[in-house]
1. Checking residue A:427 against (1) modelled with pLDDT of 55 or more; (2) open to solvent by 30 Å² or more (accessible area, probe 1.4 Å): exactly one of these is not met. Which one?
2. Please state which one of A:339, A:303 is surrounded by fewer than 18 Cβ atoms within 10 Å (Cβ to Cβ) and touching a His at 6+ places or on another chain (Cβ under 8 Å).
3. With respect to residue A:409, is the statement that it is closer than 30 Å to residue A:337 by Cα, modelled with pLDDT under 90 and either buried (at least 20 other Cβ atoms within 10 Å of the Cβ) or not basic (Lys, Arg) (or both) true?
4. Counting only residues that are out of contact with any Ser or Thr (no Cβ under 8 Å at 6 or more places or on another chain) and open to solvent by less than 50 Å² (accessible area, probe 1.4 Å), which one in the stretch A:348-366 is nearest to residue A:399 (Cα to Cα)?
5. Just one of (1) at pLDDT below 80; (2) open to solvent by 30 Å² or more (accessible area, probe 1.4 Å) trips up residue A:490, so point out which.
6. Do you know which residues across the stretch A:175-209 are among the hydrophobic types (A, V, I, L, M, F, W, C) and under 19 Å from residue A:158 (Cβ atoms)?
7. Strands (runs of 3 or more DSSP E) wholly in the stretch A:175-250 with at least 3 residues that are within 12 Å of RNA strand B (Cβ to nearest atom) and either open to solvent by less than 10 Å² (accessible area, probe 1.4 Å) or assigned by TED's automatic domain parsing to the domain that holds residue A:119 (or both) - which ones?
8. Can you tell me which condition residue A:316 does not meet? The list is (1) surrounded by fewer than 16 Cβ atoms within 10 Å (Cβ to Cβ); (2) among the polar types (S, T, N, Q); (3) within 25 Å of residue A:228 (Cβ to Cβ), and all the others hold.
Amino acid sequence: MSLRLYNTLSGQVEEFTPLEDNRVRIYTCGPTVYDYAHIGNYRTFVFQDILRRHLKYRGYDVVHVINLTDVDDKTIRNARAAGVPLREYTDRYIEAYKVDRQLLNLEEPQKFARATEHVDDMVKLIQALEAKGFAYRNEGSIYFRVEKFPDYGKLSKIDLSGIRAGARVDADEYDKANVRDFVLWKAPKEDEPHWDTPLGPGRPGWHIECSVMAMKYLGETFDIHSGGSDLIFPHHENEIAQSEAATGKPFVRFWVHAEHLIVNGEKMSKSLGNYYTLRDLIAKGYKPAAIRYLLASVPYRKPLNFTFDGLHQAQQSIDRLRNFRFRLTKEKFPEGENPALQERAQAAREAFEEGMDDNLNTAKAEAAIFDMVRDANTAMDRGEFRDGDRGAFLDTLEHWDRIFAVMEDDDHAKLVKFGFIKPLAKGAADAISWQDEQKIAIGNGYTSAVLVESLTEEEIENQIKEREAARRRGEYARSDQIRDNLLKAGVILEDTKSGTRWKRK
RNA sequence: GGCGCGGUACCCAAGUGGUAAGGGAGAGGUCUGCAAAACCUUUAUGCGUGGGUUCGAUUCCCACCCGCGCCUCCA
(Lines give C-alpha, C1' and ligand atoms only; values in the text may rest on other atoms or scores of the structure.)
Protein backbone atom coordinates (compact mmCIF):
# COMPACT_ATOMS: atom_id res chain seq x y z
CA MET A 1 0.00 0.00 0.00
CA SER A 2 1.09 3.52 -0.47
CA LEU A 3 0.11 6.91 0.78
CA ARG A 4 -3.12 8.47 -0.36
CA LEU A 5 -3.54 12.18 0.33
CA TYR A 6 -6.36 14.65 -0.10
CA ASN A 7 -5.24 17.29 -2.56
CA THR A 8 -7.05 20.61 -2.22
CA LEU A 9 -6.22 21.36 -5.84
CA SER A 10 -8.21 18.41 -7.20
CA GLY A 11 -10.62 18.17 -4.30
CA GLN A 12 -9.94 14.44 -4.13
CA VAL A 13 -7.87 11.85 -2.37
CA GLU A 14 -5.01 10.96 -4.68
CA GLU A 15 -2.23 8.44 -4.64
CA PHE A 16 0.90 10.27 -3.64
CA THR A 17 4.08 9.85 -5.59
CA PRO A 18 6.97 12.30 -5.61
CA LEU A 19 8.23 14.01 -8.73
CA GLU A 20 11.72 12.62 -8.23
CA ASP A 21 12.10 8.91 -7.45
CA ASN A 22 12.51 8.78 -3.77
CA ARG A 23 12.80 12.37 -2.73
CA VAL A 24 9.89 14.41 -1.43
CA ARG A 25 10.18 18.16 -1.42
CA ILE A 26 7.81 19.81 0.97
CA TYR A 27 7.13 23.37 2.09
CA THR A 28 4.99 24.11 5.10
CA CYS A 29 3.76 27.52 6.16
CA GLY A 30 5.19 28.38 9.55
CA PRO A 31 4.30 31.12 12.01
CA THR A 32 4.24 34.86 11.75
CA VAL A 33 6.49 35.63 14.66
CA TYR A 34 4.68 38.52 16.30
CA ASP A 35 3.69 36.63 19.48
CA TYR A 36 3.67 33.13 20.92
CA ALA A 37 2.03 30.67 18.59
CA HIS A 38 -1.27 29.32 19.93
CA ILE A 39 -2.50 25.75 20.06
CA GLY A 40 -4.48 26.26 16.86
CA ASN A 41 -1.22 26.98 15.09
CA TYR A 42 0.23 23.89 16.66
CA ARG A 43 -2.64 21.75 15.48
CA THR A 44 -1.44 22.52 11.98
CA PHE A 45 2.24 22.23 12.83
CA VAL A 46 1.76 18.87 14.53
CA PHE A 47 -0.17 17.66 11.50
CA GLN A 48 2.69 18.77 9.26
CA ASP A 49 5.10 16.88 11.47
CA ILE A 50 2.96 13.76 11.23
CA LEU A 51 2.94 14.10 7.45
CA ARG A 52 6.69 14.57 7.39
CA ARG A 53 7.29 11.61 9.67
CA HIS A 54 5.02 9.33 7.69
CA LEU A 55 6.78 10.22 4.46
CA LYS A 56 10.06 9.31 6.10
CA TYR A 57 8.49 6.16 7.49
CA ARG A 58 7.58 5.18 3.97
CA GLY A 59 11.19 5.49 3.00
CA TYR A 60 11.21 8.84 1.29
CA ASP A 61 14.09 11.22 1.54
CA VAL A 62 12.28 14.32 2.77
CA VAL A 63 13.50 17.83 2.02
CA HIS A 64 11.47 20.19 4.16
CA VAL A 65 11.40 23.98 4.33
CA ILE A 66 9.46 26.05 6.86
CA ASN A 67 9.05 29.77 6.48
CA LEU A 68 9.17 32.31 9.26
CA THR A 69 7.28 35.48 8.47
CA ASP A 70 9.28 38.10 10.28
CA VAL A 71 7.99 41.21 8.60
CA ASP A 72 4.33 42.18 8.28
CA ASP A 73 1.88 44.63 9.81
CA LYS A 74 1.65 42.77 13.12
CA THR A 75 5.35 42.20 13.68
CA ILE A 76 6.01 45.84 12.87
CA ARG A 77 3.23 47.05 15.12
CA ASN A 78 4.20 44.85 18.07
CA ALA A 79 7.91 45.54 17.79
CA ARG A 80 7.15 49.23 17.86
CA ALA A 81 4.89 48.82 20.88
CA ALA A 82 7.64 46.88 22.63
CA GLY A 83 10.15 49.56 21.74
CA VAL A 84 12.67 47.20 20.17
CA PRO A 85 13.99 46.85 16.63
CA LEU A 86 12.01 44.48 14.40
CA ARG A 87 14.84 41.97 14.12
CA GLU A 88 15.36 41.77 17.85
CA TYR A 89 11.63 41.45 18.42
CA THR A 90 11.14 38.63 15.92
CA ASP A 91 14.26 36.83 17.15
CA ARG A 92 12.61 36.54 20.51
CA TYR A 93 9.53 34.79 19.15
CA ILE A 94 11.46 32.64 16.74
CA GLU A 95 13.40 31.38 19.72
CA ALA A 96 10.18 30.67 21.61
CA TYR A 97 8.76 28.89 18.57
CA LYS A 98 11.79 26.64 18.34
CA VAL A 99 11.51 25.75 22.02
CA ASP A 100 7.84 24.92 21.50
CA ARG A 101 8.79 22.72 18.56
CA GLN A 102 11.15 20.72 20.72
CA LEU A 103 8.57 20.36 23.46
CA LEU A 104 6.14 18.96 20.92
CA ASN A 105 8.74 16.72 19.27
CA LEU A 106 8.41 18.44 15.92
CA GLU A 107 11.29 17.36 13.73
CA GLU A 108 13.70 19.91 12.38
CA PRO A 109 13.26 20.88 8.75
CA GLN A 110 16.28 21.18 6.49
CA LYS A 111 15.70 24.91 6.40
CA PHE A 112 13.91 27.59 8.37
CA ALA A 113 13.56 30.41 5.86
CA ARG A 114 13.18 33.94 7.16
CA ALA A 115 11.40 36.39 4.92
CA THR A 116 13.73 39.28 5.72
CA GLU A 117 16.72 37.26 4.60
CA HIS A 118 15.27 36.74 1.14
CA VAL A 119 14.40 40.25 0.06
CA ASP A 120 16.88 40.15 -2.82
CA ASP A 121 15.26 37.01 -4.16
CA MET A 122 11.84 38.58 -3.87
CA VAL A 123 13.03 41.58 -5.83
CA LYS A 124 14.14 39.29 -8.64
CA LEU A 125 10.82 37.49 -8.81
CA ILE A 126 8.91 40.76 -8.83
CA GLN A 127 11.14 42.04 -11.61
CA ALA A 128 10.43 38.90 -13.59
CA LEU A 129 6.70 39.42 -13.11
CA GLU A 130 7.02 43.03 -14.23
CA ALA A 131 8.94 41.95 -17.32
CA LYS A 132 6.16 39.55 -18.24
CA GLY A 133 3.48 42.13 -17.70
CA PHE A 134 1.91 40.56 -14.63
CA ALA A 135 2.72 43.49 -12.37
CA TYR A 136 2.04 47.19 -12.29
CA ARG A 137 3.06 50.09 -10.12
CA ASN A 138 1.02 52.61 -8.29
CA GLU A 139 2.37 55.23 -5.90
CA GLY A 140 5.48 53.28 -5.08
CA SER A 141 3.76 49.93 -4.56
CA ILE A 142 3.72 47.04 -7.01
CA TYR A 143 0.67 44.84 -7.59
CA PHE A 144 -0.10 41.56 -9.27
CA ARG A 145 -2.67 41.86 -12.03
CA VAL A 146 -4.96 38.92 -11.38
CA GLU A 147 -6.90 39.15 -14.64
CA LYS A 148 -3.68 38.38 -16.51
CA PHE A 149 -3.58 34.95 -14.88
CA PRO A 150 -6.50 32.87 -16.19
CA ASP A 151 -6.01 30.03 -13.71
CA TYR A 152 -6.63 32.33 -10.77
CA GLY A 153 -9.04 30.66 -8.35
CA LYS A 154 -8.18 27.06 -9.25
CA LEU A 155 -7.13 26.20 -5.71
CA SER A 156 -9.83 27.93 -3.71
CA LYS A 157 -12.49 27.47 -6.37
CA ILE A 158 -13.54 31.04 -6.01
CA ASP A 159 -15.59 32.62 -8.72
CA LEU A 160 -13.92 35.89 -9.50
CA SER A 161 -17.06 37.45 -10.87
CA GLY A 162 -18.60 37.03 -7.45
CA ILE A 163 -16.28 39.51 -5.82
CA ARG A 164 -17.72 42.94 -6.27
CA ALA A 165 -15.28 45.69 -6.95
CA GLY A 166 -15.06 48.24 -4.19
CA ALA A 167 -17.22 46.27 -1.78
CA ARG A 168 -14.90 46.71 1.14
CA VAL A 169 -11.50 48.24 1.22
CA ASP A 170 -9.31 48.76 4.23
CA ALA A 171 -8.82 52.35 5.26
CA ASP A 172 -5.11 52.08 4.71
CA GLU A 173 -5.33 49.88 1.64
CA TYR A 174 -3.18 50.89 -1.25
CA ASP A 175 -4.69 51.83 -4.56
CA LYS A 176 -5.23 48.85 -6.78
CA ALA A 177 -6.55 48.68 -10.28
CA ASN A 178 -8.84 45.85 -9.27
CA VAL A 179 -9.86 44.67 -5.79
CA ARG A 180 -8.73 41.15 -6.55
CA ASP A 181 -5.21 42.33 -7.26
CA PHE A 182 -2.76 41.88 -4.45
CA VAL A 183 0.36 43.67 -3.43
CA LEU A 184 3.81 42.32 -4.23
CA TRP A 185 5.81 45.21 -2.88
CA LYS A 186 4.62 47.85 -0.46
CA ALA A 187 5.71 51.45 -0.66
CA PRO A 188 7.40 52.58 2.55
CA LYS A 189 5.34 54.27 5.20
CA GLU A 190 6.45 56.67 7.84
CA ASP A 191 8.39 54.96 10.64
CA GLU A 192 8.16 51.49 9.09
CA PRO A 193 11.11 49.27 8.29
CA HIS A 194 11.88 49.24 4.60
CA TRP A 195 14.51 48.02 2.17
CA ASP A 196 16.17 50.08 -0.55
CA THR A 197 16.12 47.92 -3.63
CA PRO A 198 16.16 48.21 -7.42
CA LEU A 199 12.37 48.21 -7.16
CA GLY A 200 12.55 51.30 -5.04
CA PRO A 201 12.21 51.51 -1.27
CA GLY A 202 9.61 49.38 0.46
CA ARG A 203 8.85 46.04 2.03
CA PRO A 204 7.55 42.75 0.67
CA GLY A 205 3.90 41.79 0.43
CA TRP A 206 2.88 38.73 2.38
CA HIS A 207 2.55 36.14 -0.37
CA ILE A 208 5.76 36.78 -2.26
CA GLU A 209 8.02 35.36 0.45
CA CYS A 210 6.58 31.88 0.20
CA SER A 211 6.79 31.73 -3.58
CA VAL A 212 10.37 32.89 -3.49
CA MET A 213 11.66 30.79 -0.63
CA ALA A 214 9.84 27.65 -1.73
CA MET A 215 11.20 27.83 -5.27
CA LYS A 216 14.67 28.81 -4.11
CA TYR A 217 15.11 25.74 -1.94
CA LEU A 218 12.77 23.24 -3.56
CA GLY A 219 12.67 24.13 -7.22
CA GLU A 220 10.05 25.69 -9.48
CA THR A 221 7.83 22.63 -9.16
CA PHE A 222 7.81 20.64 -5.95
CA ASP A 223 5.71 17.98 -4.28
CA ILE A 224 3.79 19.22 -1.26
CA HIS A 225 2.79 22.56 0.14
CA SER A 226 0.84 22.65 3.36
CA GLY A 227 -0.79 25.04 5.80
CA GLY A 228 -3.98 25.77 7.69
CA SER A 229 -7.23 25.80 5.74
CA ASP A 230 -7.52 29.55 6.17
CA LEU A 231 -4.49 29.97 3.94
CA ILE A 232 -6.15 28.46 0.88
CA PHE A 233 -7.43 31.88 0.02
CA PRO A 234 -5.90 34.28 -0.56
CA HIS A 235 -2.41 33.24 0.49
CA HIS A 236 -1.90 30.02 -1.42
CA GLU A 237 -4.02 31.09 -4.35
CA ASN A 238 -1.79 34.12 -4.72
CA GLU A 239 1.36 32.07 -4.36
CA ILE A 240 0.24 29.95 -7.27
CA ALA A 241 -0.49 33.02 -9.36
CA GLN A 242 2.87 34.65 -8.70
CA SER A 243 4.93 31.54 -9.11
CA GLU A 244 3.27 30.08 -12.17
CA ALA A 245 3.03 33.45 -13.89
CA ALA A 246 6.78 33.84 -13.45
CA THR A 247 7.90 30.32 -14.36
CA GLY A 248 5.16 29.05 -16.63
CA LYS A 249 5.37 25.76 -14.71
CA PRO A 250 3.10 24.13 -12.15
CA PHE A 251 4.15 25.40 -8.74
CA VAL A 252 3.00 22.63 -6.40
CA ARG A 253 1.67 19.12 -7.03
CA PHE A 254 -0.11 18.44 -3.74
CA TRP A 255 -1.76 21.10 -1.62
CA VAL A 256 -2.63 19.78 1.81
CA HIS A 257 -4.58 21.82 4.35
CA ALA A 258 -5.41 21.20 7.99
CA GLU A 259 -8.78 22.14 9.40
CA HIS A 260 -8.89 24.47 12.34
CA LEU A 261 -8.99 23.84 16.03
CA ILE A 262 -11.93 25.15 18.02
CA VAL A 263 -12.32 25.35 21.78
CA ASN A 264 -15.42 23.97 23.45
CA GLY A 265 -17.20 24.20 20.15
CA GLU A 266 -16.39 27.85 19.73
CA LYS A 267 -13.70 29.52 17.77
CA MET A 268 -10.68 30.43 19.78
CA SER A 269 -10.24 34.11 20.37
CA LYS A 270 -8.68 36.35 22.93
CA SER A 271 -11.95 38.15 23.55
CA LEU A 272 -13.72 34.90 24.45
CA GLY A 273 -11.00 34.05 26.93
CA ASN A 274 -10.40 30.65 25.35
CA TYR A 275 -7.14 31.50 23.69
CA TYR A 276 -4.22 29.28 24.68
CA THR A 277 -0.57 29.14 23.85
CA LEU A 278 1.48 26.02 24.46
CA ARG A 279 2.98 27.78 27.47
CA ASP A 280 -0.45 28.40 28.93
CA LEU A 281 -1.20 24.68 28.92
CA ILE A 282 2.18 23.75 30.36
CA ALA A 283 1.68 26.27 33.13
CA LYS A 284 -1.55 24.47 33.95
CA GLY A 285 0.44 21.28 34.42
CA TYR A 286 -0.25 19.42 31.18
CA LYS A 287 2.52 17.39 29.61
CA PRO A 288 3.75 18.40 26.15
CA ALA A 289 3.39 14.79 25.00
CA ALA A 290 -0.29 14.83 25.94
CA ILE A 291 -0.78 18.03 23.98
CA ARG A 292 0.97 16.55 20.97
CA TYR A 293 -1.11 13.39 21.23
CA LEU A 294 -4.37 15.30 21.41
CA LEU A 295 -3.48 17.51 18.47
CA ALA A 296 -2.44 14.47 16.44
CA SER A 297 -5.42 12.30 17.38
CA VAL A 298 -8.08 13.90 15.28
CA PRO A 299 -7.49 13.34 11.58
CA TYR A 300 -6.35 16.60 10.06
CA ARG A 301 -9.28 17.17 7.73
CA LYS A 302 -11.71 17.35 10.61
CA PRO A 303 -12.10 20.31 12.94
CA LEU A 304 -10.53 19.51 16.29
CA ASN A 305 -12.57 20.44 19.33
CA PHE A 306 -10.08 21.24 22.05
CA THR A 307 -11.24 20.76 25.65
CA PHE A 308 -9.39 20.27 28.90
CA ASP A 309 -11.29 17.04 29.34
CA GLY A 310 -9.88 15.90 26.01
CA LEU A 311 -6.41 16.89 27.10
CA HIS A 312 -6.78 14.86 30.26
CA GLN A 313 -7.97 11.90 28.22
CA ALA A 314 -4.94 12.23 25.96
CA GLN A 315 -2.71 12.09 28.99
CA GLN A 316 -4.47 8.92 30.17
CA SER A 317 -4.07 7.34 26.77
CA ILE A 318 -0.35 7.97 26.70
CA ASP A 319 0.01 6.58 30.19
CA ARG A 320 -1.70 3.41 29.05
CA LEU A 321 0.82 2.99 26.25
CA ARG A 322 3.78 3.80 28.44
CA ASN A 323 2.53 1.39 31.11
CA PHE A 324 2.30 -1.29 28.49
CA ARG A 325 5.82 -0.73 27.30
CA PHE A 326 7.09 -0.79 30.84
CA ARG A 327 5.42 -4.12 31.42
CA LEU A 328 6.73 -5.43 28.12
CA THR A 329 10.32 -4.63 28.99
CA LYS A 330 10.38 -5.28 32.72
CA GLU A 331 8.03 -8.13 33.54
CA LYS A 332 9.37 -11.70 33.70
CA PHE A 333 7.91 -14.17 31.21
CA PRO A 334 8.55 -17.87 30.64
CA GLU A 335 11.19 -18.84 28.10
CA GLY A 336 10.13 -19.56 24.57
CA GLU A 337 7.99 -17.98 21.92
CA ASN A 338 4.35 -17.79 20.98
CA PRO A 339 4.18 -17.43 17.20
CA ALA A 340 0.49 -16.54 17.20
CA LEU A 341 1.20 -13.54 19.42
CA GLN A 342 4.04 -12.37 17.26
CA GLU A 343 1.76 -12.52 14.27
CA ARG A 344 -0.66 -10.39 16.23
CA ALA A 345 2.05 -7.74 16.70
CA GLN A 346 2.85 -7.81 13.02
CA ALA A 347 -0.81 -7.48 12.08
CA ALA A 348 -1.12 -4.46 14.35
CA ARG A 349 1.79 -2.84 12.62
CA GLU A 350 0.21 -3.39 9.24
CA ALA A 351 -3.11 -2.03 10.46
CA PHE A 352 -1.47 1.09 11.81
CA GLU A 353 0.46 1.62 8.59
CA GLU A 354 -2.69 1.19 6.57
CA GLY A 355 -4.39 3.82 8.71
CA MET A 356 -1.59 6.28 8.09
CA ASP A 357 -1.56 5.58 4.37
CA ASP A 358 -5.27 6.34 4.33
CA ASN A 359 -4.86 10.10 4.17
CA LEU A 360 -3.07 10.12 7.53
CA ASN A 361 -5.95 8.64 9.48
CA THR A 362 -4.35 8.93 12.88
CA ALA A 363 -7.47 7.76 14.71
CA LYS A 364 -7.31 4.48 12.83
CA ALA A 365 -3.59 4.20 13.50
CA GLU A 366 -4.19 4.68 17.21
CA ALA A 367 -6.97 2.13 17.34
CA ALA A 368 -4.61 -0.40 15.78
CA ILE A 369 -2.04 0.06 18.51
CA PHE A 370 -4.57 -0.03 21.34
CA ASP A 371 -6.06 -3.23 19.99
CA MET A 372 -2.62 -4.74 20.12
CA VAL A 373 -1.94 -3.47 23.63
CA ARG A 374 -5.11 -5.01 24.96
CA ASP A 375 -4.44 -8.35 23.31
CA ALA A 376 -0.88 -8.44 24.59
CA ASN A 377 -1.90 -7.50 28.13
CA THR A 378 -4.54 -10.21 28.06
CA ALA A 379 -1.98 -12.77 26.90
CA MET A 380 0.34 -11.69 29.71
CA ASP A 381 -2.42 -11.99 32.30
CA ARG A 382 -3.31 -15.44 31.03
CA GLY A 383 0.30 -16.59 31.09
CA GLU A 384 0.44 -17.08 27.34
CA PHE A 385 3.12 -14.49 26.76
CA ARG A 386 6.69 -15.71 26.30
CA ASP A 387 10.02 -14.04 26.77
CA GLY A 388 10.78 -14.33 23.08
CA ASP A 389 7.66 -12.36 22.17
CA ARG A 390 8.83 -9.07 23.56
CA GLY A 391 10.71 -8.05 20.45
CA ALA A 392 7.78 -8.28 18.08
CA PHE A 393 5.65 -5.99 20.24
CA LEU A 394 8.41 -3.55 21.01
CA ASP A 395 9.12 -3.40 17.32
CA THR A 396 5.55 -2.47 16.42
CA LEU A 397 5.44 0.03 19.25
CA GLU A 398 8.69 1.59 18.12
CA HIS A 399 7.45 1.87 14.54
CA TRP A 400 4.22 3.45 15.69
CA ASP A 401 6.11 5.95 17.80
CA ARG A 402 8.27 7.03 14.90
CA ILE A 403 5.18 8.91 13.84
CA PHE A 404 3.36 9.68 17.06
CA ALA A 405 6.47 10.39 19.14
CA VAL A 406 4.83 10.26 22.56
CA MET A 407 6.30 7.13 24.12
CA GLU A 408 9.43 8.56 25.64
CA ASP A 409 8.78 9.80 29.15
CA ASP A 410 10.97 12.86 28.93
CA ASP A 411 8.39 15.57 29.53
CA HIS A 412 9.73 16.42 32.93
CA ALA A 413 13.32 16.58 31.72
CA LYS A 414 12.39 18.84 28.82
CA LEU A 415 10.40 21.19 31.01
CA VAL A 416 13.33 21.51 33.36
CA LYS A 417 15.71 22.02 30.45
CA PHE A 418 13.71 24.88 29.00
CA GLY A 419 13.00 26.46 32.36
CA PHE A 420 9.30 25.76 32.59
CA ILE A 421 9.81 23.84 35.77
CA LYS A 422 11.99 25.26 38.43
CA PRO A 423 13.19 22.54 40.78
CA LEU A 424 13.09 23.46 44.45
CA ALA A 425 15.56 22.42 47.08
CA LYS A 426 14.50 19.39 49.06
CA GLY A 427 12.17 20.32 51.85
CA ALA A 428 11.01 23.48 50.13
CA ALA A 429 7.93 21.68 48.91
CA ASP A 430 6.63 21.80 52.45
CA ALA A 431 6.34 25.55 52.14
CA ILE A 432 4.79 25.52 48.69
CA SER A 433 2.39 22.72 47.97
CA TRP A 434 3.21 20.80 44.84
CA GLN A 435 -0.49 20.36 44.20
CA ASP A 436 -0.98 24.09 44.04
CA GLU A 437 0.94 24.20 40.79
CA GLN A 438 1.91 27.73 41.51
CA LYS A 439 3.02 29.80 38.64
CA ILE A 440 6.02 32.00 38.89
CA ALA A 441 7.53 34.36 36.43
CA ILE A 442 10.93 33.31 35.24
CA GLY A 443 13.34 34.22 32.50
CA ASN A 444 12.50 37.38 30.64
CA GLY A 445 9.19 37.72 32.36
CA TYR A 446 7.34 36.39 29.34
CA THR A 447 6.86 32.85 30.47
CA SER A 448 5.57 31.03 33.49
CA ALA A 449 6.37 27.80 35.22
CA VAL A 450 5.20 25.15 37.61
CA LEU A 451 7.14 24.79 40.78
CA VAL A 452 8.06 21.26 41.64
CA GLU A 453 10.35 19.61 44.07
CA SER A 454 12.72 17.58 42.01
CA LEU A 455 14.24 14.38 43.31
CA THR A 456 17.07 12.71 41.46
CA GLU A 457 16.60 9.22 40.11
CA GLU A 458 19.09 7.92 42.65
CA GLU A 459 17.16 9.44 45.53
CA ILE A 460 13.96 7.91 44.22
CA GLU A 461 15.54 4.48 43.82
CA ASN A 462 16.90 4.62 47.36
CA GLN A 463 13.49 5.48 48.74
CA ILE A 464 12.02 2.55 46.85
CA LYS A 465 14.61 0.19 48.30
CA GLU A 466 13.85 1.42 51.78
CA ARG A 467 10.15 0.92 51.18
CA GLU A 468 10.65 -2.61 49.89
CA ALA A 469 12.64 -3.49 52.97
CA ALA A 470 9.84 -2.17 55.14
CA ARG A 471 7.29 -4.16 53.17
CA ARG A 472 9.24 -7.35 53.63
CA ARG A 473 9.16 -6.75 57.35
CA GLY A 474 5.44 -6.17 57.14
CA GLU A 475 5.81 -2.53 58.23
CA TYR A 476 3.10 -1.28 55.94
CA ALA A 477 2.58 2.02 57.74
CA ARG A 478 6.20 2.87 57.01
CA SER A 479 6.07 1.71 53.40
CA ASP A 480 2.88 3.63 52.72
CA GLN A 481 4.41 6.73 54.22
CA ILE A 482 7.34 6.53 51.82
CA ARG A 483 4.96 6.10 48.92
CA ASP A 484 2.95 9.13 50.04
CA ASN A 485 6.04 11.25 50.44
CA LEU A 486 7.21 10.41 46.95
CA LEU A 487 3.78 11.23 45.60
CA LYS A 488 4.02 14.66 47.15
CA ALA A 489 7.24 15.11 45.23
CA GLY A 490 5.48 14.14 42.02
CA VAL A 491 6.62 10.52 41.85
CA ILE A 492 4.10 7.71 41.47
CA LEU A 493 4.93 4.18 42.63
CA GLU A 494 3.38 1.00 41.32
CA ASP A 495 4.07 -2.49 42.59
CA THR A 496 4.22 -5.15 39.92
CA LYS A 497 5.07 -8.82 39.95
CA SER A 498 8.51 -7.86 38.73
CA GLY A 499 9.14 -5.24 41.36
CA THR A 500 8.24 -1.64 42.00
CA ARG A 501 8.25 0.86 39.17
CA TRP A 502 8.07 4.63 39.35
CA LYS A 503 7.17 7.45 37.06
CA ARG A 504 6.81 11.17 37.37
CA LYS A 505 3.36 12.62 37.58
C1' G B 1 -25.08 35.33 -0.28
C1' G B 2 -20.65 32.17 -2.47
C1' C B 3 -16.96 28.22 -1.48
C1' G B 4 -15.36 24.47 2.10
C1' C B 5 -15.18 21.25 6.70
C1' G B 6 -18.20 18.97 10.31
C1' G B 7 -22.70 17.16 13.43
C1' U B 8 -21.90 9.04 15.64
C1' A B 9 -22.81 6.84 23.26
C1' C B 10 -21.41 11.00 29.32
C1' C B 11 -16.60 13.10 26.60
C1' C B 12 -12.99 12.48 22.24
C1' A B 13 -13.55 9.67 17.87
C1' A B 14 -13.17 5.51 13.43
C1' G B 15 -16.27 3.58 9.96
C1' U B 16 -19.16 0.98 6.04
C1' G B 17 -25.09 -0.29 1.20
C1' G B 18 -25.95 -5.57 5.13
C1' U B 19 -26.82 -4.27 10.58
C1' A B 20 -21.95 0.44 15.05
C1' A B 21 -13.53 0.39 15.74
C1' G B 22 -10.52 2.56 19.50
C1' G B 23 -9.47 5.87 23.77
C1' G B 24 -11.32 8.37 28.21
C1' A B 25 -15.11 8.32 32.04
C1' G B 26 -18.87 5.45 35.04
C1' A B 27 -20.62 0.54 37.24
C1' G B 28 -19.54 -4.63 38.77
C1' G B 29 -15.66 -8.38 39.17
C1' U B 30 -10.36 -10.67 39.25
C1' C B 31 -5.41 -9.69 41.10
C1' U B 32 -3.02 -6.89 45.36
C1' G B 33 -1.19 -6.08 52.66
C1' C B 34 -3.44 -1.49 50.69
C1' A B 35 -3.08 1.53 46.43
C1' A B 36 -1.69 1.79 41.40
C1' A B 37 -1.22 -0.89 36.93
C1' A B 38 -3.46 -4.85 34.15
C1' C B 39 -7.46 -8.08 32.68
C1' C B 40 -12.85 -9.55 32.31
C1' U B 41 -18.12 -7.94 32.05
C1' U B 42 -21.07 -3.72 31.20
C1' U B 43 -22.83 1.51 29.06
C1' A B 44 -25.70 3.83 21.09
C1' U B 45 -32.05 -1.10 18.35
C1' G B 46 -28.79 4.02 17.53
C1' C B 47 -25.24 7.42 13.93
C1' G B 48 -28.37 16.36 13.58
C1' U B 49 -33.93 16.60 11.53
C1' G B 50 -37.59 15.30 7.77
C1' G B 51 -38.43 12.90 3.29
C1' G B 52 -36.77 9.57 -0.87
C1' U B 53 -34.03 5.34 -3.51
C1' U B 54 -33.20 0.12 -1.97
C1' C B 55 -34.66 -6.48 0.00
C1' G B 56 -31.82 -3.49 3.39
C1' A B 57 -29.07 3.36 4.83
C1' U B 58 -25.58 5.70 9.85
C1' U B 59 -23.40 4.91 4.89
C1' C B 60 -26.59 7.06 -1.61
C1' C B 61 -30.16 11.33 -3.15
C1' C B 62 -33.17 15.84 -1.80
C1' A B 63 -34.55 19.51 1.68
C1' C B 64 -33.86 21.68 6.28
C1' C B 65 -31.42 22.81 11.23
C1' C B 66 -26.86 23.62 14.01
C1' G B 67 -21.26 24.48 14.70
C1' C B 68 -16.67 26.11 12.40
C1' G B 69 -13.45 28.22 8.48
C1' C B 70 -12.57 31.32 4.19
C1' C B 71 -14.60 35.08 0.88
C1' U B 72 -10.67 41.95 4.27
C1' C B 73 -2.23 39.95 4.91
C1' C B 74 -5.59 34.50 10.58
C1' A B 75 -2.60 27.90 11.16
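The values are calculated or read from the model by the stated rules, or taken from the named source; none is laboratory data. Just so it is clear, the structure is predicted and the values come from calculations on it, not from any experiment. No Cβ is skipped: glycine too gets one built from the backbone with ideal geometry, and neighbour counts run over all protein chains shown. Calculation scope for accessible area: heavy atoms of the full protein, side chains included, ligands and nucleic acids excluded. Shrake-Rupley method; radii C 1.70, N 1.55, O 1.52, S 1.80 Å.
1. (1)
2. A:303
3. yes
4. Among those that are out of contact with any Ser or Thr (no Cβ under 8 Å at 6 or more places or on another chain) and open to solvent by less than 50 Å² (accessible area, probe 1.4 Å), it is A:353.
5. Among (1) at pLDDT below 80; (2) open to solvent by 30 Å² or more (accessible area, probe 1.4 Å), the lone unmet condition for residue A:490 is (2).
6. A:177, A:179, A:182, A:183, A:206
7. Filter on the stretch A:175-250 gives A:182-186, A:200-204, A:222-228.
8. Among (1) surrounded by fewer than 16 Cβ atoms within 10 Å (Cβ to Cβ); (2) among the polar types (S, T, N, Q); (3) within 25 Å of residue A:228 (Cβ to Cβ), the lone unmet condition for residue A:316 is (3).
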